[in-house]
Structure formats: C-alpha cells, structure tokens
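These notes are about the structure you will find just below.
Values quoted throughout were computed directly from the atomic coordinates according to the rules given, and no laboratory measurement underlies them. Note that the structure is predicted; figures quoted are calculated from it, not measured. Please note: Cβ atoms are built from the backbone with ideal geometry, for glycine as well, and neighbour counts cover all protein chains shown.
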Amino acid sequence: MSKIAFLGLGNMGLGMATNLAQNGHTVTGFDPSPEATERAASHGIGSAASVADAAADADVIITMLPSGKHVLDVYADLVPVATPGSLFLDCSTIDVADARAAAELAVNAGHRAVDAPVSGGTVAADGGNLTFMVGGPADAVDQANPFLEVMGARVVRCGDSGAGQAAKICNNMILGISMIAVSEAFALGAKLGLTDQALFDVSSTASGQCWALTTNCPVPGPVPTSPANRDYAGGFASALMLKDLRLAQAAASDTGVDTVLGRRAAELYEQFVAHDGPGRDFSAIVTAIRAGALGTDPTPS
Ligand code: NAD
C-alpha cells in the first residue's frame with residue numbers, strides 16, 4: 001500500500017481520495033478550504049497544514065485542482081522537495097501546454113509524471129466509476145494504473161505527456177457543440193409544431209443520435225434521468241463546460257487549427273453563463289436558445 005498526498009479535496013477530489021483511503025492506502029490531504037479539509041477528515045483522509053506537509057514521505061502525489069496555474073504552482077513547490085522517484089499524477093482538467101510543462105518539471109527532477117483528467121462528474125468520483133484519459137510514458141502510466149483503477153472504471157492511455165488533456169478537451173468540444181446542435185433542433189422543432197417527444201423518438205434512433213440527446217436530453221420528458229427534469233440541478237455545470245471550451249480554443253490557437261464551431265460554442269457558453277450563472281447543468285443552454293437570448297452572430301469581418 002502506498003503513501004499518497006492528495007491535493008485539492010473539492011467536489012471531485014473528496015470522493016477520489018476517499019476511495020483510495022478505503023482501499024487501504026494512507027492518504028494525507030491538503031486543501032486551503034477548512035470545510036473541505038474537515039469533510040475529508042471525516043472520510044478517513046489525514047489532514048496536513050500545507051502542500052509540503054501533505055507530500056512529506058509520500059510516494060504518490062495526486063492533484064485535483066481548478067486550473068493549470070494551481071497545478072504549476074503546486075509542482076513548483078513540491079518537485080524540488082518530493083521523495084526522489086515520486087509519481088506525480090494530475091487529474092485536473094488543464095491546458096495541454098500547462099500539463100506538458102508540469103510533467104517536464106517533475107521528470108527533469110527525477111520523478112515520474114502522468115496527466116489523467118477525468119470524465120464522469122461527482123457521482124462517478126464518489127462511486128469510483130470515473131473514466132481516465134491518460135498521458136505519459138508507458139512505465140509511468142503502468143505505475144499510475146493501480147491508483148486509477150481504484151478511482152475509476154475505465155482507463156485509456158492516449159499517448160505521451162499532455163495526451164490525456166488533449167483527449168479530454170477534444171471530447172468536450174464535441175459535447176459542447178452537440179448540446180447546442182440538439183438544443184437548436186428542439187427550438188426549431190417546437191416552432192414547426194413538433195412535440196419534444198416526437199423529435200426525440202425520431203432523432204434518438206436516427207442519424208441525429210448522440211449522448212447530448214439520448215442521455216443528457218436538454219428538454220424535460222423524453223429522458224427522465226436527464227438534468228432537464230430537475231430544473232438542470234446537478235450534472236455538469238455550465239461554467240465547467242465553458243472552461244473546457246476555452247481550453248480547446250487555447251489549444252486550437254496554439255496549434256493553428258481553425259475550429260469554427262468550437263469557437264462559436266465557446267462564445268455561446270460565455271453568453272449563457274453571463275446570462276444564467278455558472279451552476280446549472282450545461283444542457284440548460286436550451287432555455288436561452290428557446291428564449292432567443294443568445295446567438296447574435298459576430299459581425300463578419
Ligand atoms: P472544486 O473547486 O470543487 O475543487 C478544487 C479544490 O482545490 C478546492 O477545494 C480548492 O480549495 C482546492 N485548492 C485550490 N488551490 C489548492 C492548493 N494549492 N492546494 C490544494 N488544494 C487547492 O473543483 P472540482 O469540481 O473538484 O474540479 C476539480 C478539477 O476537476 C477541475 O480541474 C475540473 O475542471 C475537473 N473536473 C470537474 C468535474 C465536475 O463535474 N466537477 C468533472 C470533470 C473534471
């Protein structure tokens with residue numbers, strides 16, 4: 001069993017760290033939020049007074065933090081003092097370039113580094129059912145696998161450092177675009193006299209079929225478990241979708257790829273979050289599309 005430092009005990013980190021502790025690992029956590037630390041302590045996670053204290057004697061250092069800047073700051077503090085040969089495992093969703101920079105810091109100091117962002121949200125984090133998209137050298141990924149398998153149900157190695165983040169933001173760019181497409185279809189269908197159920201019955205088994213329609217259906221009714229049936233509470237927050245679409249745009253700009261729909265999706269989610277707030281499930285964008293509250297096209301240049 002390993003000594004694990006877990007940094008970032010928020011909505012996702014708490015469940016992930018708890019599953020590791022319940023699996024017999026010694027987990028010491030740090031989070032600047034006293035409430036998060038207290039909650040973690042009640043789940044069998046040791047509390048440290050600082051990032052460095054949490055990592056003292058740890059052989060695995062897991063981060064689940066809000067942004068690339070948080071990850072790079074923590075790595076800058078820990079890489080020089082961590083036990084030689086430690087495994088740095090970052091599960092946050094961050095910029096591909098930041099993920100590569102963080103891994104380089106760790107590897108240059110003689111450690112191993114893996115980026116392993118997740119798909120699945122808090123229910124999957126609590127239940128140990130996350131999907132991990134993993135980037136890093138094969139031997140480091142092999143070392144990370146037993147921990148990922150405790151926290152997740154599926155682990156996919158996508159390539160070298162940064163490849164996990166690349167897969168995550170490309171996937172979520174598809175998701176953001178497809179949710180807007182499905183929402184526009186429901187808005188148009190209603191104006192043409194179609195019921196939501198009729199459109200769903202056709203598209204869910206025809207060529208318009210996609211996860212945004214058949215699992216996370218943005219209108220109440222056709223899929224009783226979708227967040228639309230509980231006023232879009234829970235689910236995947238619009239602010240997180242906006243974050244991921246912005247990361248995709250940063251990567252598109254770095255690589256010179258023109259992702260026209262990805263860019264437009266980021267703009268629409270930006271307007272939506274400003275209008276509706278950050279917290280509701282991202283499928284709530286259908287309410288703004290139906291109300292005509294979004295969508296002014298940028299002036300053609
Ligand atoms: P969160 O804001 O609930 O948790 C982040 C935690 O990090 C907070 O408790 C914060 O106090 C802590 N923190 C900040 N600086 C720190 C530091 N220096 N050391 C230790 N802890 C620090 O966010 P979350 O929802 O748990 O998301 C975490 C990451 O997972 C994000 O990158 C997010 O994009 C990604 N993610 C979230 C979801 C989701 O459904 N919530 C799904 C997939 C991926």
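See the values below:
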item	result
Anisotropy class of region 166-291 from Cα gyration tensor, a/c 1.5 cut	prolate
Crossing angle, helix 138-151 versus the chain [Cα axis fit, 0-90 degrees, rounded to tens]	70
Degrees, to the nearest 10: 163-191 long Cα axis against longest axis of the chain	20
222 nm mean residue ellipticity, helices alone, for the chain (DSSP H n ≥ 4; -39,500 (n - 2.57); rounded to 500)	-15500 deg cm²/dmol
Distribution of pairwise C-alpha distances over region 1-108, 10 Å bins, in %	16, 52, 29, 2
Cα-based reach from Lys3 at 14 Å (exclusive), listing aspartates and glutamates while leaving out same-chain residues under 8 positions away	Asp53, Asp57, Asp59
Convex hull volume per residue for the chain, taking Cα atoms only, in Å³	140
Dipole magnitude of region 166-291, debye to nearest 20 (Cβ charges: Lys/Arg +1, Asp/Glu -1, about Cα centre)	60
Value of D in µm² per second that Stokes-Einstein yields for region 140-206, Kirkwood Rh from Cα pairs, at 10 °C (1.306 mPa s)	105
Packing-based ranking, highest mean first, of 218-225, 79-86 given that Cβ atoms within 10 Å are counted	218-225, 79-86
Whole-Hz couplings from phi, Karplus 6.51/-1.76/1.60, listed for region 236-245; x for Gly and Pro	9, 4, 4, 5, 6, 4, 4, 4, 5, 5
Partner aspartates and glutamates for Lys69 [C-alpha distance under 14 Å; skip if fewer than 8 residues away on the same chain]	Asp77, Asp90, Asp95, Asp98
Proportion of all alpha-carbon pairs of region 69-189 beyond 25 Å (%)	28
Difference of contour (0.36 nm per residue) and Cα-Cα distance, Ala206 to Leu192	3.1 nm
Nearest-ten-degree value, helix 96-108 long axis tilted from longest Cα axis of the chain	10
Share, in percent, of DSSP beta bridges within the chain that are antiparallel, nearest 5	15
Cα-based convex hull volume of region 103-167 per residue, rounded to whole Å³	75
Magnitude of the charge dipole, the chain, Cβ model with Lys/Arg +1 and Asp/Glu -1, debye to 20	560
Dipole of the chain, positive direction: furthest Cα of Thr131, Ile180, Leu192, with charges on the beta-carbon	Leu192
